[in-house]
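Worksheet for the structure shown next.
The values are calculated or read from the model by the stated rules, or taken from the named source; none is laboratory data. Predicted model, so just to flag it, every value in this text is computed and none were measured. All Cβ positions, even for glycine, are placed from backbone atoms using ideal geometry, and neighbour counts span all protein chains on display.
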Amino acid sequence: MAYKVIQVGTGGQGRAWCQRFLPPNVADGLVEVVAAVDVNEAALVNAQEALGVPPEKCYTDLQRAFDETPADFCTIVTPPAFHEAVVDVALAHDMHILSEKPIADTLEGAVRIAEKVKRAGKKMGVTMSHRFDQDKTTLRQELRSGRNGQLDYLVCRFTCNMRNFGDWGAHFRHTMKDALMIEGSVHHLDILADLAGAKCDTIYAQTWNPSWGEYGGDSQGLVTMHFENGVR
């Protein structure tokens, strides 16, 4: 029996969920997309065309969508600042949650969400999937094999030419406080923790925005991590 899901966010990254990520799970009978929500009505066509969601089950009103559509869980593919509001509605309707990274746009928001989900007795997953890419998996296996001796330290560099406003897709990334850490490097920090094979014990970061960076927050940074097993 397929799990019933409400897809929240069908434009931007949500379009990729509609067109690429969810269709295989629909095809194999794992999930059934019973409704879709987006504040931009034009973006709902992605759910209609790629997932077969009927127009009457496509909403611009989040509360109405959940009130009118029983489901087992919801997906959250919205800008991080709006995650907590969707979590609140989902938990009020006794649903589990699968969310795009990060959990929230602030540490305080992430803590609140974690506490709310725990109190509600529901499950919430966050899609930190880059560590499962084939190249990262191959590197992880090589490091774990011991053929190269004991792992001492790792170095990761993330760089891309997205200095002009709009280069990084959705405009919220250019106006939010910490686009680099929250929207970008969250993946790379997770990959480093996976390759290190331990949880991060201490972390130190400096972030800034260069004079040519068209961002409201910081877009460059240096991060030092120390893991519980001694790897740096």
Mind checking which pairs have a first residue in the stretch 192-210 that is without any contact (Cβ under 8 Å) to a residue 12 or more places away in the chain and under 22 Å from D178 (Cβ atoms) and a second that is of a type in the set (D, E) and surrounded by 17 or more Cβ atoms within 10 Å (Cβ to Cβ), Cβ under 7 Å, 6 or more apart or different chains?
N209/D218
Check the stretch 118-137 and report whether any residue there is more than 19 Å from the chain's Cα centre (by Cα), loosely packed, with under 11 Cβ neighbours inside 10 Å and touching a residue at least 24 places away in the same chain (Cβ under 8 Å).
no
Out of the residues in the stretch 211-222 that are in contact (Cβ under 8 Å) with a residue 40 or more places away in the chain and not in a loop (DSSP other than H, G, I, E, B), state the one that is surrounded by the most Cβ atoms within 10 Å (Cβ to Cβ).
G221
The conditions are (1) of a type in the set (D, E); (2) over 27 Å from H83 (Cβ atoms); (3) modelled with pLDDT under 90, and D152 fails exactly one of them. Which is it?
(3)
Please state which one of E115, E100 is in contact with a Ser or Thr (Cβ under 8 Å, 6 or more places away or on another chain) and either loosely packed, with under 12 Cβ neighbours inside 10 Å or within 25 Å of R64 (Cα to Cα) (or both).
E100
Flag for T69 being closer than 23 Å to P23 by Cα, touching a helix residue (DSSP H, G or I) at 6+ places or on another chain (Cβ under 6 Å), surrounded by fewer than 20 Cβ atoms within 10 Å (Cβ to Cβ) and modelled with pLDDT of 95 or more
no
Selection status of R112, among the basic types (K, R), modelled with pLDDT under 90 and part of a helix (DSSP H, G or I)
no
